[in-house]
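Here's the structure, in structure tokens; my notes come after.
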Amino acid sequence: MKACYENCQQDCGGKIMGKILDEDMIYEILSVVEEIPEGKVASYGQIARLIGRDKNSRLVGKVLGMAEFYGKYPCHRVVNHAGRTAPCWREQKMLLEDEGVEFKANGCVDMKQYQWEE
């Protein structure tokens, strides 16, 4: 599997949003991502809520951007609240379609049908 958000990757040295993240938080986010079943998606905000950081959906996105440094995770199963895929990761849509996820005419995942209910 290709790196999550490969084309947007920047070397941030583990520093995100002006703070150095501890490894526990990173693995907490990634362990939730790992639980998303094939054929389902979760939103950044949903993952943030599950780790007790309701207002940190952007933080989740930043961590997913560095996920390749921590192992293989199904980052392609994470979309925004409207079901939009990452704009700079063309393969994400294809990976989701391979798992049976269908897209609406506007190019978004139908969150009512495919959102993971944890």
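All of the numbers you see were taken from the coordinates with simple rules; none came from a lab. Fair warning: this is a prediction, and the values are worked out from it, not measured in the lab. All Cβ positions, glycine included, derive from the backbone under ideal geometry; neighbour counts span all protein chains shown.
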Check your understanding: Kirkwood Rh, Cα Rg: Rg to Rh for the range 48-118?
Key -> 0.95
Check your understanding: What FRET efficiency would be calculated for the residue pair Asp110, Tyr70, taking the C-beta separation as r and a Förster radius of 22 Å, to the nearest 0.05?
Key -> 0.15
Practice item. Can you tell me the dipole magnitude for the range 20-114 around its Cα centre, using point charges on the Cβ only (Lys, Arg +1; Asp, Glu -1), in Debye to the nearest 20? Key: 500 debye
Review point. How long is the gain from Met94 to Ile51 if the chain were fully straight, where each residue apart is worth 0.36 nm and the alpha carbon distance is subtracted?
Key: 12.7 nm
Check your understanding: Taking amide H positions as placed 1.01 Å from N in the peptide plane, with prolines and chain starts having none, which residues 5 or more places from Ser43, or on another chain, fall under 5 Å of its amide H?
Key -> Val79
